[in-house]
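Heads up: the structure comes next, in structure tokens.
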Amino acid sequence: MTCPLSLFALTLAPLSAADEPWPGEERLPQLVEAHGLTGSHAELMEVFNRLLQATKAQATLPFYAGVAADPWSAPGAARRLTDRLAIGARSQDLAALLAEVQVQLGHEPGRSPLPQGLLEGSFLERMETIVGVLEAAAMEVEAAFSGVEDPAALLAAAHASHERLVETVYLIGEEAHARTWAEVQAVDGAALLRAAQRIAPLADPRVRFGLRDAYRQTRPPKPEPVEGVEGRLIYARETDLGWVLVGAARDNTYDLPVAFLFDLGGEDTYTAQATSSAIGRPVNVVLDLEGDDTYEGGQGQGAGVAGVSLVVDTEGKDTYGEGRIVQGAGLLGVGVLIDEEGDDVYLGDVYAQGAGCYGVGLLIDRDGDDRMTSYLYSQGFGSPLSVGALIDVAGDDVRECRGRYGSSYGTANEYNAFSQGAGVGFRVLDYTTKKASGGLGVLLDCAGNDRSVVGEFGHGVGYFVGTGIARDLGGNDEVRASRYGIATGAHYGISVVLDDAGDDLWHNPYTASLAGNWDLTLSFFLDRAGDDTYQAGGIGLGSATITSMACFVDGGGKDSYALGGRTAFGNAGHTQDVARGSRSLGMFLDLGGAEDTYPASSPLLPPPGNDLETARHQEDTHTQGEGDSAVTTTGESGNGVFLDE
């Protein structure tokens, strides 16, 4: 087998020019000014940032800080970020993806040069170079934890905090989690990413195909059997970092911790410990060349746990088993899973498929019609001090995150998610210490007719000083979400959803969706082109509540809108805005020029319709206290703009 040209010749939608704004992107601030809302918007942002400062939130990431200072920059910043991620994934440049993560976490970007010894020399000489790469990465991991008194204890505590997060987003008054948050900040995240950059050259296709060809030319002596390996090995060496192995093109089973494992082919089975780093084994790299492989469930499959892990599967219809911290996930580490080709099945549970948990998690699937299922905190998720990204380059894929963990609101037959581009912070650690700002979660799909289903809080959602981004570059897609889904969030969240092209269905008949949000949140939804269908519930389609801003822009096509209630189509405000002295801002723009379909009836005046431009103003009444001591205040709670042209 030679290096498949199909890996380099995917037919993909072109990226937008970095300096070319989308339709409506520049119109948003212009319309605010044209309708006399500039002062109101400035007041809103002053209140937003004043309350943000009062939260004592700690470790705010650069993307969030930039958008909080200049909200109109959000769509362009998200577009440029996802453009760079798409370029790195398409070109198989893991170092470029990691450099982007370094920037997003506030570190100096820098990539390690590809050692010539990985591309030249005999098989044994190349293996010697690989060991040197692993040793250099291990030194960076050691440096990352040099300021931590007991790394094993800290890892256990970090794991416990994220297990508790499965039960509640609050972590109210639990001293252990507050202490863990303080100790986690002693870990040198920049050094962990340098360790990941050290092993990034091993993901280069030239390395694994060159290593295979070099073996064919020299064929070293057959090694002794290694406990934990069933099948045939062609190279085995035990190092201070663990086993360095090369497996023959047979059906092998690997059930042991490894520092480096290269398998030439066959239908192989990998247990979780073979595809994860851990305390005492800081570096884990697995490269599989071909075959329909099985990656068993558990904490693995590119799980960077207190170290760095990289798994690259080149070809085959693979199955990735269920677990927590799996399939490109980092817990106090950096975990990367790259699947190059094949119709694959991914089964997750929590913290799966591109999840950062006090770390970095990346899942890059480059081709194939895949099925990805998980339940919570998955498919592009970032907790505090973390980045998680799921990047799918091509294929007609199905993604689902719902069905196991019950609704945050106790709603029957509804489920929690916080997935598909979700950044989440620890809203309350306790009432005295600083709180943990959320991370960055990214879901990026570059091509294909895809279907995404997600439960509550999903598909571009920011929660407590966290940022969620979802972008689709092309295809006729379907997105079905639940409460707080699709460009939404709550409690200081920032969310951006971008769709470049295609006739799409956006379905969310619940509260807060499609650029509809709640309480101190900035949300942006931009669909550039296509005949789209929007089905939303209350608070949606450019509707903001409680010191928030929500902007909805459809740039082209003949679209259909369905939504009931008054909190929609650029209308904004809530009684709590009156209480706070803020006025939320909602923006709805349809710029397609085609005859769109709007609800037959609406309580809004004027009702949404074609060829209409109007400002919207909402008044609300707030009552504080009860009985004779009650104080009632009536005032303007929100402003907005509706534009169809």
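Within the stretch 60-75, track down each residue that is within 18 Å of the chain's Cα centre (by Cα), buried (at least 19 other Cβ atoms within 10 Å of the Cβ) and either hydrophobic (A, V, I, L, M, F, W, C) or in a helix (DSSP H, G or I) (or both). Those that are within 18 Å of the chain's Cα centre (by Cα), buried (at least 19 other Cβ atoms within 10 Å of the Cβ) and either hydrophobic (A, V, I, L, M, F, W, C) or in a helix (DSSP H, G or I) (or both): LEU61, PHE63, TYR64, VAL67, ALA74, PRO75. For the stretch 484-526, taking the residues that are in a strand (DSSP E or B) and among the aliphatic types (A, V, I, L, M), the one that is surrounded by the fewest Cβ atoms within 10 Å (Cβ to Cβ) is identified as LEU505. The residue pairs whose first member lies in the stretch 437-454 and is within 20 Å of ALA74 (Cβ to Cβ), whose second member is in a loop (DSSP other than H, G, I, E, B) and among the charged types (D, E, K, R), and whose beta carbons are closer than 8 Å, counting only pairs six or more residues apart or on different chains, are ASP445/ASP397; ASP445/ASP477. Restricted to the stretch 226-282, the set of strands (runs of 3 or more DSSP E) holding at least 2 residues that are within 32 Å of the chain's Cα centre (by Cα) and in contact (Cβ under 8 Å) with a residue 60 or more places away in the chain comprises 258-265.
The condition of being over 35 Å from the mean Cα position of the chain (by Cα) and closer than 23 Å to PRO29 by Cβ does not hold for ASP620.
Out of all the residues in the stretch 195-206, is one or more within 23 Å of GLN299 (Cα to Cα), among the small types (Gly, Ala, Ser) and touching an Asp or Glu at 6+ places or on another chain (Cβ under 6 Å)? Yes, the stretch 195-206 contains a residue that is within 23 Å of GLN299 (Cα to Cα), among the small types (Gly, Ala, Ser) and touching an Asp or Glu at 6+ places or on another chain (Cβ under 6 Å).
For the stretch 112-156, a tally of residues being small (Gly, Ala, Ser), under 31 Å from the mean Cα position of the chain (by Cα), under 29 Å from THR218 (Cα atoms) and outside any helix (DSSP H, G or I) returns 1. Checking each residue in the stretch 90-111 for being in a loop (DSSP other than H, G, I, E, B) and either free of Cβ contacts under 8 Å to residues at least 60 places away in the same chain or closer than 14 Å to ALA190 by Cα (or both) picks out SER91, ASP93, LEU105, GLY106, HIS107, GLU108, PRO109, GLY110, ARG111. Within the stretch 226-267, being more than 27 Å from VAL308 (Cβ to Cβ) and either basic (Lys, Arg) or at pLDDT below 95 (or both) holds for ARG232, ARG250. Listed conditions (1) hydroxyl-bearing (Ser, Thr, Tyr); (2) surrounded by fewer than 22 Cβ atoms within 10 Å (Cβ to Cβ); (3) farther than 21 Å from GLU43 by Cβ; (4) in contact with a strand residue (DSSP E or B) (Cβ under 9 Å, 6 or more places away or on another chain) are all met by TYR534, apart from (2).
Taking the numbered list (1) crowded, with 24+ Cβ neighbours inside 10 Å; (2) over 25 Å from GLU340 (Cα atoms) in turn, ILE391 passes all entries but (2). Test GLN273 against the criterion of being polar (S, T, N, Q) and in contact with an Asp or Glu (Cβ under 8 Å, 6 or more places away or on another chain), and give yes or no. Answer is yes for this residue.
Within the stretch 595-641, the set of residues being outside any strand (DSSP E or B), over 16 Å from ALA568 (Cβ atoms) and of a type in the set (Ser, Thr, Tyr) comprises SER629 only. Scanning the stretch 611-627 for residues that are in contact (Cβ under 8 Å) with a residue 40 or more places away in the chain and among the hydrophobic types (A, V, I, L, M, F, W, C) yields one hit, ALA615. When LEU589, LEU605 are checked against the criterion of being within 30 Å of HIS491 (Cβ to Cβ) and either loosely packed, with under 15 Cβ neighbours inside 10 Å or touching a Gly at 6+ places or on another chain (Cβ under 8 Å) (or both), a single residue qualifies: LEU589.
Determine whether the stretch 164-184 contains at least one residue that is closer than 30 Å to ILE469 by Cα, assigned to a helix (DSSP H, G or I) and small (Gly, Ala, Ser). Looking through the stretch 164-184, at least one residue is closer than 30 Å to ILE469 by Cα, assigned to a helix (DSSP H, G or I) and small (Gly, Ala, Ser). Considering TYR409, TYR405, the condition of being surrounded by fewer than 22 Cβ atoms within 10 Å (Cβ to Cβ), touching a Lys or Arg at 6+ places or on another chain (Cβ under 9 Å) and farther than 22 Å from ALA65 by Cβ is satisfied by TYR409 alone.
If only one of GLN217, GLN185, GLN197 is within 18 Å of GLY439 (Cβ to Cβ) and of a type in the set (S, T, N, Q), which one is it?
Numbers: GLN217 fails: within 18 Å of GLY439 (Cβ to Cβ); GLN197 fails: within 18 Å of GLY439 (Cβ to Cβ).
Criteria check complete, one pass: GLN185.
Condition (residue is touching a Lys or Arg at 6+ places or on another chain (Cβ under 9 Å), over 16 Å from GLU645 (Cα atoms) and either in a loop (DSSP other than H, G, I, E, B) or touching a residue at least 24 places away in the same chain (Cβ under 8 Å) (or both)) applied to the stretch 579-587: is it met by at least one residue? For the stretch 579-587, residues touching a Lys or Arg at 6+ places or on another chain (Cβ under 9 Å), over 16 Å from GLU645 (Cα atoms) and either in a loop (DSSP other than H, G, I, E, B) or touching a residue at least 24 places away in the same chain (Cβ under 8 Å) (or both): present.
In the stretch 206-224, the residues that are buried (at least 18 other Cβ atoms within 10 Å of the Cβ) and aromatic (Phe, Trp, Tyr) form no Cβ pair under 9 Å with any partner that is modelled with pLDDT under 95 and not in a helix (DSSP H, G or I), whether six or more places apart or across chains.
So which residues in the stretch 299-312 are part of a loop (DSSP other than H, G, I, E, B), farther than 16 Å from ALA156 by Cα and of a type in the set (Gly, Ala, Ser)?
Quick first cut of the stretch 299-312, residues part of a loop (DSSP other than H, G, I, E, B) only: 299-302, 306-307.
Okay, now just the ones that are also farther than 16 Å from ALA156 by Cα, so 300-302.
Those that are part of a loop (DSSP other than H, G, I, E, B), farther than 16 Å from ALA156 by Cα and of a type in the set (Gly, Ala, Ser): GLY300, GLY302.
Quick check: is even one residue across the stretch 458-467 surrounded by fewer than 24 Cβ atoms within 10 Å (Cβ to Cβ), in contact (Cβ under 8 Å) with a residue 24 or more places away in the chain, touching a Gly at 6+ places or on another chain (Cβ under 6 Å) and not in a strand (DSSP E or B)? Within the stretch 458-467, none of the residues are surrounded by fewer than 24 Cβ atoms within 10 Å (Cβ to Cβ), in contact (Cβ under 8 Å) with a residue 24 or more places away in the chain, touching a Gly at 6+ places or on another chain (Cβ under 6 Å) and not in a strand (DSSP E or B).
Checked against (1) surrounded by fewer than 19 Cβ atoms within 10 Å (Cβ to Cβ); (2) out of contact with any Leu (no Cβ under 9 Å at 6 or more places or on another chain); (3) touching a residue at least 40 places away in the same chain (Cβ under 8 Å), GLY39 meets all criteria but (3).
Considering each residue of the stretch 283-298, count those that are over 17 Å from VAL345 (Cα atoms) and part of a loop (DSSP other than H, G, I, E, B), and give that number. Selection size over the stretch 283-298: 1.
Considering only residues of the stretch 225-244 that are among the acidic types (Asp, Glu) and closer than 21 Å to GLY132 by Cα, which is surrounded by the fewest Cβ atoms within 10 Å (Cβ to Cβ)?
To start, the set of residues in the stretch 225-244 that are among the acidic types (Asp, Glu) comprises 227, 230, 238, 240.
Still in the running and closer than 21 Å to GLY132 by Cα: 238, 240.
Details: GLU238: 11, ASP240: 9.
Looking at residues that are among the acidic types (Asp, Glu) and closer than 21 Å to GLY132 by Cα, I get ASP240.
Among the residues of the stretch 24-42, are any within 30 Å of ALA178 (Cβ to Cβ) and hydrophobic (A, V, I, L, M, F, W, C)? Within the stretch 24-42, none of the residues are within 30 Å of ALA178 (Cβ to Cβ) and hydrophobic (A, V, I, L, M, F, W, C).
From LEU44, LEU28, grab the single residue that is modelled with pLDDT of 95 or more, out of contact with any Ser or Thr (no Cβ under 8 Å at 6 or more places or on another chain) and in a helix (DSSP H, G or I). Explain how you work it out, then say what you get.
Values: LEU44 fails: out of contact with any Ser or Thr (no Cβ under 8 Å at 6 or more places or on another chain).
None of the others qualify; the one that does is LEU28.
Among the residues making up the stretch 140-198, a single one is over 26 Å from LEU94 (Cβ atoms), crowded, with 23+ Cβ neighbours inside 10 Å and of a type in the set (A, V, I, L, M, F, W, C): TRP181. Scanning for something of a type in the set (Asp, Glu) and closer than 30 Å to SER408 by Cβ, does the stretch 168-180 turn up at least one residue? Yes, there is a match, as at least one residue in the stretch 168-180 is of a type in the set (Asp, Glu) and closer than 30 Å to SER408 by Cβ.
The values are calculated or read from the model by the stated rules, or taken from the named source; none is laboratory data. Note that the structure is a prediction, hence the values are computed from the model and not measured. Don't worry about glycine lacking a Cβ; one is built from the backbone with ideal geometry, like all the others, and counts go over all protein chains shown.
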